[in-house]
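Peer 1: Pasting in a structure now, in structure tokens, and then I'll have a few things to ask.
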Amino acid sequence: MHEFGIAETIVQTALDAARAHGAARVDVVRVRIGDLSGVVEEALRFAFESIADGTPAGGARLEIERAPVRCYCSSCGVEFATAPLDYQCPACGAISGDVRGGREMDLVSIEVS
């Protein structure tokens, strides 16, 4: 499960940010996860809670924003959101091979107190 490695990085980054700002605890961590990233949300939540337990991030809320798959159609110049493995342009019907979003794994923000 690569979610444990991801969660470990998230928790360590949040703890480093809390320390750098003189905060006693981490309250909320927000991440953006792409639909093509291969990250299982429930597994990431479990890993985050397990790793954060017993640290100043213990009990912190993990908020996950899903990032949809975004493709660009070179035939008609349209960028569009779509489901994974459905790369057909809704405007002209051409199949796009230009995936421009959906692989993200971004740490968006950290709230500390």
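Nothing in this text is a laboratory measurement; each read-out follows from the coordinates by a stated rule. Because the structure is a prediction, the values reported are computed rather than measured. Note that we place each Cβ from the backbone using ideal geometry, even for glycine, and neighbour counts take in every protein chain shown.
Peer 1: I need the semi-axes of the equivalent ellipsoid of segment 47-113: take the C-alpha gyration tensor, multiply each eigenvalue by 5, square-root it, list largest first in whole angstrom.
Peer 2: Listed largest to smallest, the semi-axes of segment 47-113 are 38, 11, 8 Å.
Peer 1: Would you calculate a helix-derived [θ] at 222 nm for the chain, using -39,500 (n - 2.57) for each DSSP H run of n ≥ 4 and dividing by the full residue count, to the nearest 500?
Peer 2: -8500 deg cm²/dmol
Peer 1: Next question. Connecting C-alpha atoms closer than 10 Å in a GNM of the chain, tell me which of 84, 56, 68 has the biggest fluctuation.
Peer 2: 84
Peer 1: Nearest 10 degrees is fine. How inclined is helix 41-52 to the longest principal axis of the chain, computing both from alpha carbons?
Peer 2: 20 degrees
Peer 1: Once both labels are modelled 7 Å past Cα along the beta-carbon direction, what's the residue 13-residue 55 spacing in nm?
Peer 2: Between residue 13 and residue 55, the simple spin-label model gives 1.3 nm.
Peer 1: Right, here's the next one. How far is helix 3-20 tilted, in degrees, relative to the longest principal axis of the Cα atoms in the chain, given as a value from 0 to 90 rounded to the nearest 10?
Peer 2: Approximately 50 degrees, to the nearest 10.
Peer 1: Want the number for residue 107 to residue 25: 0.36 nm per residue separation, take away the alpha-carbon distance, what's left?
Peer 2: 27.8 nm
Peer 1: Among 34, 101, 77, which one shows the biggest mean-square fluctuation in a GNM of the chain, springs joining Cα atoms closer than 10 Å?
Peer 2: Ranking 34, 101, 77 by mean-square fluctuation puts 77 first.
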